[in-house]
Each structure stands twice: as structure tokens, then as C-alpha cells.
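The values are calculated or read from the model by the stated rules, or taken from the named source; none is laboratory data. Quick caveat: nothing in here was measured; it's all calculated off a predicted structure. All Cβ positions, glycine included, derive from the backbone under ideal geometry; neighbour counts span all protein chains shown. Side chains are part of the model used for accessible areas, which takes the heavy atoms of the whole protein and leaves out ligands, DNA and RNA. Shrake-Rupley method; radii C 1.70, N 1.55, O 1.52, S 1.80 Å.
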Amino acid sequence: MDGSWEPWTPLARRALPAMRAWRTAFHQEPELSLQEERTREKVVRALEELNIPHRTFAEGYGVVGLIGGGRSGPVVALRADMDGLPVTEATGLPFASRFPGRMHACGHDVHMASLLGAAAILQRPPRPLAGPVKLIFQPAEEEGRIGGALALIEQGCLQDPKVDYIVGQHVIPSLPLGQVGWKAGPMMAAADAFRITVRGKGGHAATPHQGPDAVVVASEIVLGMQALVSRVVDPVEPAVVSVGSVHGGTKNNILPDEVVLEGTVRSMSPATRKLLESALRRRVRSIAASLGAKVRIEYITGYPPLVNDPTTTRTVAATLAREFGRDSVVEVPAPVMGAEDFACYLEHVPGTFLRLGVGVSGRPASLHSATFAPDERALVIGAATLAAAAEGLQRGGS
Ligand code: NI
């Protein structure tokens, strides 16, 4: 890039008091996936205060705002997720959750406040911007199966005007505060789930020869599935098959009729994802058949793999290096096996998902923990990241 760059950070810093107030309001009243009604009200009120036109949707509690709708240049969408988690907060913060069993333990309050901060500074830009900026506030990211992104996409959030690029971010304690992480290509896993019901013939445990023993068949299945990753998937492709729950039986000397296995399957590419599903089904059926048992397999498709568009990612990373300096913008080395429904947008438009560092030494709380308390200085960096990414993409990296 050779054009001059005016940083957004000073403007974001000026928006900090407002962002702090928004974040406090979100944090005090977290709502679980598919219940984000009050959160939506707060987002709508903030957009109204900022004079940003917006729409809500028949299905779900999403909100989409639009800045500069009349501009002819590329449309950049910026996305924040809205939901909290079923965790009882133990941070001791003065603005801690008012509700036991509900907490913004994944930082989505920071994501929303940063996006509103970006909106505030993009709404009154210090120089003309080339294209519209769409603000996507998305519910139900933590829901895990269908998620909130899909419903918003189906209701047209990427249309009218049609989105050319999308950018999202997530706080992460493993990256120091002040740093932003990026990764081109696959970054997060597809997360599918299975439920396998093994039907044998129950009876006295002293006469196991009278029918297929569901416990033994289920055990063979658990072990047999371990060979899927080690012997079916290419060794250089990340993949996980884990059984997280095994249920069957009532007493030591009674063989149950049925054992239920539940687990998760993670993969990093659509091809491996398909391969694992078909191989798992085949392996489970053949083990059950060889032992004379019946089996029912429910395979539940979750979020797809999150694959960042390389060109968009590099443009955004170069822009952020100009905004924050090269040392503050780091390539995240390896993909992680967690999942995120931002992946759904990336199946439709090129974009990138960024990591917003919130790590502070001596306060090592992990995401989803009751003591997770990201430093609010991340709000400034989060807002400047989104605003700079939008401008950088609209300028085509120049
Ligand atoms: Ni999250």
C-alpha cells in the first residue's frame, strides 16, 4: 500500500466513554442464545442515538445498521455477536452481571461495544469513505448447532446493499492486549455432533451369550472410531473424534438393552468433514453388524469450518499494520479446533475473522470462565480495528 494513512485510533479513543457505557449495559444484563431481546433493544437505542438507519428481523434478535447507504463503492460488513453464556460471574467487577447463571463470559459485550464505537466514528468520518458500511449485530453465536448467522443470512443481511467483504473479531486472552491476530485460510474447525444408540439384548449379566451385549458393542464402537482420525484422515489434516458421553445400564449384574454414545467431530476442511461423516457411519454400522447388534446414528451438522479469504485477510492485515504498527499485528500460527458461526458468512462472501488480544500478565482467565474480565482498553483497539479494516478494504489496500 502506498497511499497515506490517517489512523482511526485517536477517534476510537475519544469514543471510549460511550463504548464503556454500552459495554457496561450489555455486561450487566447478559442474555443467553435465542433470548437476546433486551440486548437488541440496547443496540437499537444506540444506533438511533447515532442516527444510523437499521432494521430488525422477524426471526431472531439480530439488528443490521447501514452507514453511507448511498455510496457507490465496496460494501463492507462488520459483525459482532450478542449472546452471553450460562455461567455465574465471579469477576467482582462493579458492573458484573445482575443475573446468577448468566454472564458475558465470551466477551460478546466487548464485541458489540467495539462495533458501536466503530459505527460512531465511521458515521462521522474525518474524510470521505468510498462505500457503505453494514453493521451486523448477530444473536445466538453460542447456540452451537444452527447458530444465529444462518437465520440472518436467510433473511437477507448480506443483500440490499450486497455485501462485498465481511470482517469480524473475537477477544482472546492468549494474545497480549494491544495486539491483533490474523490468519489467512482455515482458522477454526467445523463442529458436528453425533448420537449413536446401540441396541442389544438385555438380560442377566451371568448369561451374556444369549444376545448381543450393548455395552460390549458400544465399547468396540468407541475404540473403533479412534482409528478414523489415525487411519482414514490425511495425517496433515487436523481432525478430532471424541466421545463425550456414554450412557447405559442400571446395575452391575444386568445387561442393558441399549447404550447411547454422544460425541463431537471436528475438521478443518469441507472435504475432511464429509469424509469423516461417511467413514464414521460406515465404521459404526459394520462394528455393530459384526457383533449382531442394531444401531441408530444421528449425525448433527453444526458450524462449518471457518476459512478466511487470503486476499481479504492480507489487505486487512496490511491496513492494521499501518494503523497500529507492524509489531502489534501478528499472524496467528495454527488453526484451533473450536468453532464459530462467522464461518457461515465466509461461505457467501470473502472476509476475515480477527483475534483481538486481551491478555494481561497476572490475569490469566480463559474464555467461558467465571472470572473472564477483558481489559476495557481493548474497546479502543477493537473499534479502530473495525473502522480501519472497512476503510482499507474500500480503498482496495491502497
Ligand atoms: Ni465467543
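Collect the residues in the range 75-98 that are surrounded by fewer than 24 Cβ atoms within 10 Å (Cβ to Cβ), more than 16 Å from the chain's Cα centre (by Cα) and not in a loop (DSSP other than H, G, I, E, B), keeping them in residue-number order.
Listed by number, the list is empty, since nothing qualifies.
Could you grab me the full set of residues in the range 147-176 that are closer than 30 Å to residue 369 by Cα, away from the ligand (no atom under 16 Å from the Cβ) and open to solvent by 40 Å² or more (accessible area, probe 1.4 Å)?
Once the filter is applied, which keeps residues that are closer than 30 Å to residue 369 by Cα, away from the ligand (no atom under 16 Å from the Cβ) and open to solvent by 40 Å² or more (accessible area, probe 1.4 Å), the range 147-176 yields 150, 176.
Exactly one of these conditions fails for residue 371: (1) of a type in the set (Val, Ile, Thr); (2) within 15 Å of the ligand (Cβ to nearest atom); (3) surrounded by fewer than 18 Cβ atoms within 10 Å (Cβ to Cβ). Give me its number.
(2)
Within 30 Å of residue 162 (Cβ to Cβ) and hydrophobic (A, V, I, L, M, F, W, C) - does that describe any residue in the range 80-90?
Yes, because at least one residue in the range 80-90 is within 30 Å of residue 162 (Cβ to Cβ) and hydrophobic (A, V, I, L, M, F, W, C).
In the range 99-138, which residue that is open to solvent by 10 Å² or more (accessible area, probe 1.4 Å) and more than 29 Å from residue 14 (Cβ to Cβ) is farthest from the ligand (Cβ to nearest atom)?
Out of the qualifying residues, it is 100.
For the range 48-57, check the following and say yes or no: at least one residue is modelled with pLDDT of 95 or more, touching a Pro at 6+ places or on another chain (Cβ under 7 Å) and either assigned to a loop (DSSP other than H, G, I, E, B) or not basic (Lys, Arg) (or both).
no
Which one is nearest to the chain's Cα centre (by Cα) among residues in the range 176-194 that are small (Gly, Ala, Ser) and farther than 18 Å from residue 269 by Cα?
Among them, the one singled out is 181.
It is to be established whether one or more residues within the range 389-398 are within 16 Å of the ligand (Cβ to nearest atom) and either open to solvent by less than 40 Å² (accessible area, probe 1.4 Å) or assigned to a helix (DSSP H, G or I) (or both).
no
Filter the range 328-367 down to residues that are of a type in the set (Asp, Glu) and either more than 15 Å from the chain's Cα centre (by Cα) or within 14 Å of the ligand (Cβ to nearest atom) (or both) and give me whichever is most open to solvent (accessible area, probe 1.4 Å).
Here the residue is 331.
Taking the conditions exactly as written (outside the structural domain of residue 135 (by TED's automatic domain parsing) and either out of contact with any Lys or Arg (no Cβ under 9 Å at 6 or more places or on another chain) or open to solvent by 10 Å² or more (accessible area, probe 1.4 Å) (or both)), does residue 72 satisfy them or not?
So residue 72 does not fit the description; no.
When the residues of the range 1-50 are narrowed to those that are under 16 Å from residue 109 (Cβ atoms) and of a type in the set (Lys, Arg), which ends up most open to solvent (accessible area, probe 1.4 Å)?
Residue satisfying both the conditions and the ranking: 45.
With 312, 272, 250, 264 as the choices, which residue is in the same structural domain as residue 153 (by TED's automatic domain parsing) and either surrounded by 20 or more Cβ atoms within 10 Å (Cβ to Cβ) or hydroxyl-bearing (Ser, Thr, Tyr) (or both)?
312
In the range 106-122, is there at least one residue being farther than 30 Å from residue 370 by Cα, at pLDDT 95 or above and of a type in the set (Ser, Thr, Tyr)?
Among the residues of the range 106-122, not one is farther than 30 Å from residue 370 by Cα, at pLDDT 95 or above and of a type in the set (Ser, Thr, Tyr), which makes the answer no.
Taking residue 146 and the conditions (1) within 30 Å of residue 298 (Cβ to Cβ); (2) touching a helix residue (DSSP H, G or I) at 6+ places or on another chain (Cβ under 7 Å), which numbered condition does it fall short on, given that it satisfies the others?
(2)
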